[in-house]
1. Where nothing but the Cβ of Lys and Arg (+1) and of Asp and Glu (-1) is charged, how large is the charge dipole of the chain around its Cα centre, in debye to the nearest 20?
2. Tell me which of Leu69, Leu266, Ala2 sits at the most positive position along the dipole axis of the chain, charges placed on C-beta atoms (Lys, Arg +1; Asp, Glu -1).
3. How many angstrom lie between the C-alpha centres of segment 72-95 and segment 18-69?
4. Return Lys220, Lys147 ranked ascending by Cβ neighbour count within 10 Å, so the fewest neighbours appear first.
5. At what distance in angstrom do the alpha carbon centres of segment 297-347 and segment 133-147 lie from each other?
6. Positive end of the charge dipole of the chain (Lys, Arg +1 and Asp, Glu -1 on Cβ, about the Cα centre): tell me which of Asn15, Ala346, Pro249 has its Cα farthest that way.
7. For Cys233, Cys157, what's the fewest-to-most ordering of other Cβ within 10 Å of each Cβ?
8. Taking the Cα atoms only, what angle lies between the long axis of helix 317-333 and the longest principal axis of the chain, rounded to 10 degrees?
Amino acid sequence: MAGISAAARLSEHVNVTVLEGEADLGYHSTGRSAAIFIRNYGNATLRALNIASEPVLMQADGISEHSLLSPRGEILVATAQDMPALETYLDSADGMELLSPIEAGKLVPILNTERLVGAAIEHSAQEIDVDRMLQGFARLALAQGAKIIRNAKVTACHKSGGIWQIETTQGNFEAPVVINAAGAWADEVAQMAGVAQKGLVGMRRSMAVIPAPEGYDISKWPLFAAASENFYCKPSSGTLMISPADEDPVDPHDVWADDMVLAEGLDRFEQAVTMSVTRVLHSWAGLRTFAPDRTPVVGFDPQADGFFWLAGQGGYGIQTAPALAKLVTNLIVKTQPDLGEDVIAALSPERFQQRKPK
């Protein structure tokens with residue numbers, strides 16, 4: 001999503017070629033997203049990006065004929081042990097409403113309200129049509145002259161005569177600017193290019209899909225999650241998608257769910273509800289890539305002219321893509337960004353440079 005959305009915005013101004021390593025767009029993290037927009041999700045920088053992205057997701061001009069968002073809502077639930085985490089979250093949140101355990105149980109009838117001490121709901125949390133968003137950006141990029149080359153795994157990258165030379169399994173390419181939107185592989189691409197790595201780590205996030213509990217209409221249920229972030233559950237097409245909210249560091253690869261991690265997460269889910277998990281319909285995992293400070297890395301590398309970072313989106317990549325795509329265009333085409341200077345500085349790769357002693 002990061003690369004395609006940036007291509008769509010940039011191609012209005014410059015010639016763009018997207019080198020996609022897989023046969024299909026969105027094969028890795030984008031295609032395995034939980035597909036939810038939560039305005040209060042992430043640190044202060046990420047929340048600023050969420051707010052900046054929301055109007056695009058709602059209107060989606062040039063991307064989709066209809067809004068990419070639909071109502072869902074999110075409830076955070078807390079046992080006595082979870083209350084400090086809930087209170088910390090609410091301290092920096094905006095537009096959330098406190099609920100009693102009974103009120104939370106009315107919205108999600110399977111919640112074990114006897115174990116709950118508190119809850120809060122974000123009514124503005126919405127479902128994102130990720131595939132429609134990805135395909136819309138791709139169509140826009142192509143309509144503006146961008147090229148999308150699939151199965152083009154990068155094998156080498158170096159600079160010669162002021163131009164970046166990129167070797168791939170689909171041939172060789174050159175450009176004055178390279179945008180590194182390689183997700184969990186971003187540091188590997190940087191290493192190929194002789195650019196200092198940023199300490200990006202891919203972390204596995206697993207998901208299991210189970211049948212909906214009998215006798216309930218789950219279509220209007222909000223996503224619900226433990227305030228301590230040890231599981232979340234999202235209704236989806238007549239099933240429940242449950243994640244153990246795992247963050248296990250792994251090397252970049254086509255990741256799959258770990259059975260033990262799933263089992264532990266499903267056990268935590270069962271403790272929070274009044275139903276039992278009797279079977280798993282299917283499961284999968286994706287990689288969420290984080291910088292050490294858990295803030296995306298976006299901007300020109302200060303030590304490699306023309307090497308632009310668009311990486312480290314963590315679990316926020318879909319909902320922040322519109323804002324980051326616009327920022328990429330602002331910084332490359334040299335137009336005035338809408339985002340504040342503090343947000344741009346927090347995203348910049350320059351933050352990783354060691355300060356020289358006076």
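The numbers here are math on the coordinates, done by the rules we state, and not lab data. Given the structure is predicted, the values throughout are model-derived calculations rather than measurements. Note that we place each Cβ from the backbone using ideal geometry, even for glycine, and neighbour counts take in every protein chain shown.
1. Computed charge dipole of the chain: roughly 780 debye.
2. Positive-end residue among those listed: Ala2.
3. Comparing the Cα centres of segment 72-95 and segment 18-69, I get a distance of 23 Å.
4. Lys220, Lys147
5. Value for the Cα centre distance between the two parts: 20 Å.
6. The residue sitting farthest along the positive end of the dipole is Asn15.
7. Sorted ascending by nearby Cβ count, the order is Cys157, Cys233.
8. With both axes taken from Cα atoms, the answer is about 20 degrees.
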